[in-house]
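Remarks on the structure that follows.
The values are calculated or read from the model by the stated rules, or taken from the named source; none is laboratory data. None of these values were measured; they are calculated from a predicted model. Every residue, glycine among them, receives a Cβ derived from its backbone with ideal geometry; neighbour counts consider all protein chains shown.
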Amino acid sequence: MKKIQMVDLKGQYEQIKERIDASILDVIQSTAFINGPEVHSFQKELEEYLSVKHVIPCANGTDALQIAMMGLGLQPGDEVITADFTFAATVEVIALLQLTPVLVDVDPTSFNIDPEAIRKAITPKTKAIVPVHLFGQPANMDVIMDIANEHNLFVIEDNAQGIGANYHFKNGTVTKTGAIGHVASTSFFPSKNLGCYGDGGAIFTNDDDLAHIIRGVVNHGMYKRYHHDVVGVNSRLDSIQATVLRAKLPNLDTYNNARREAAKKYNAALAGQENIITPEIIGTDDTHVFHQYTLRIKNIDRDALAKHLNDNNIPCGVYYPIPLHSQKAYQDTRYNESDFPITNQLVKEVISLPMHTELDNEQINYITQTVIDFVSKSVVI
Ligand SMILES: *Cc1c(COP(=O)(O)O)cnc(C)c1O
């Protein structure tokens, strides 16, 4: 059996090695390292793939979130509602911009922000909602957009884990995640579903005026050379990363399908285990792009399972072990533990199994059998 990795980037590279190697060499020979034609072409190709009017590439997914918020003109003291159960980047940029993060609980089935919790958290100071399409499954955008429209709030989608997912609205419209809210961010970190060979990110919007503002923000607040109209940042996708992304984008749907297939096999093998809750796809298959395959382990010591898997050469991850509201940097006296029953429970139960495009049946069988052996022999707690 091939060595099992949490994320295996080598197989993908080998399939497109000729194109990648040649195009990286071309960039080097062209010396157009920054803002070269590859960046522009990638931007156009991604706009087409997502059916979104504007893609603005930048340096990473965290910058993308920050720049989206700067572009919207959010001001210190404005409240921004986001999920308690997610990666810290989301709340970090809110705090950095001196906005007020308002963390709310999530839904136990989708792991995504709970629209009812959003409703309860809205105050006259609320300006924006940041849903995160966690683990590759879209948040409940039907209801989130309704809430935003009712209360005149911006929606910033954190699409770092969801690129390529389709969202089916109740009225039948199908839209790619990242093209739904007023603005969205994504990350091209190597392990993301569309990853480059270093750091990268992008902002998406259908709003022409906002796109114009953001193009200046990413470039030191310049709209005319050496005229700085707003306080900006320096955040660029470089041409070598863009050329890698151009080689991978045509395969993104194939990559996401491979992840879904692996998830289906995991689900089938683990079905019926009474102490395991397998991930549920809400709606049709194409909504979930399985950035992570995350189980909930009930009545059994999750950390002991993680150790058992590691002892058997199976890497695994706990995303995320601590709720954001309990992190030192983000504690706030306004929060009560009773506001976060689901997140507090999930952090004890979740475990993510290896998930990438190169998993084979032998590996999946070995992983699921090792999980089943452990849970069936474990003492229930
Ligand atoms: C990865 C990730 C980010 C940050 O992306 P970077 O490119 O690492 O800065 C933000 N939000 C979520 C949900 C992520 O998974």
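Assess whether Gly181 counts as being part of a loop (DSSP other than H, G, I, E, B), within 16 Å of the ligand (Cβ to nearest atom) and in contact with a Ser or Thr (Cβ under 8 Å, 6 or more places away or on another chain). It is false that Gly181 is part of a loop (DSSP other than H, G, I, E, B), within 16 Å of the ligand (Cβ to nearest atom) and in contact with a Ser or Thr (Cβ under 8 Å, 6 or more places away or on another chain).
Scanning the range 195-202 turns up one or more residues that are in a loop (DSSP other than H, G, I, E, B), within 20 Å of Glu45 (Cα to Cα), within 16 Å of the ligand (Cβ to nearest atom) and hydroxyl-bearing (Ser, Thr, Tyr). Residues in the range 43-93 that are within 12 Å of the ligand (Cβ to nearest atom), buried (at least 24 other Cβ atoms within 10 Å of the Cβ) and small (Gly, Ala, Ser): Gly61, Ala64, Ala68, Ala83. Output yes when any residue across the range 8-29 is outside any loop (DSSP other than H, G, I, E, B), closer than 30 Å to Asn313 by Cα, away from the ligand (no atom under 16 Å from the Cβ) and of a type in the set (Asp, Glu), and no when none is. Scanning the range 8-29, I find at least one residue that is outside any loop (DSSP other than H, G, I, E, B), closer than 30 Å to Asn313 by Cα, away from the ligand (no atom under 16 Å from the Cβ) and of a type in the set (Asp, Glu), so the answer is yes. Scanning the range 168-181 for residues that are surrounded by fewer than 24 Cβ atoms within 10 Å (Cβ to Cβ) and within 21 Å of Leu46 (Cα to Cα) turns up His168, Thr173, Val174, Thr175, Lys176, Ala179. Of the residues making up the range 212-231, those that are in contact with a strand residue (DSSP E or B) (Cβ under 9 Å, 6 or more places away or on another chain), surrounded by fewer than 21 Cβ atoms within 10 Å (Cβ to Cβ) and in a loop (DSSP other than H, G, I, E, B) are His220, Gly221, Asp229, Val230.
Checking each residue in the range 108-162 for being more than 16 Å from the ligand (Cβ to nearest atom), part of a loop (DSSP other than H, G, I, E, B) and under 22 Å from Ser338 (Cβ atoms) picks out Pro108, Thr109, Asp114, Ile122, Thr123. Applying a threshold of 9 Å to beta carbon distances and a minimum spacing of six or more residues, or different chains, the list of pairs starting in the range 315-330 at a residue that is assigned by TED's automatic domain parsing to the domain that holds Gln363 and over 13 Å from Asp303 (Cβ atoms) and ending at one that is of a type in the set (Phe, Trp, Tyr) and not in a loop (DSSP other than H, G, I, E, B) reads Tyr319/Phe135; Leu324/Tyr330. Mind telling me which of the residues Val375, Val350 ends up being more than 26 Å from the chain's Cα centre (by Cα) and buried (at least 19 other Cβ atoms within 10 Å of the Cβ)? Result of the check over Val375, Val350: Val375.
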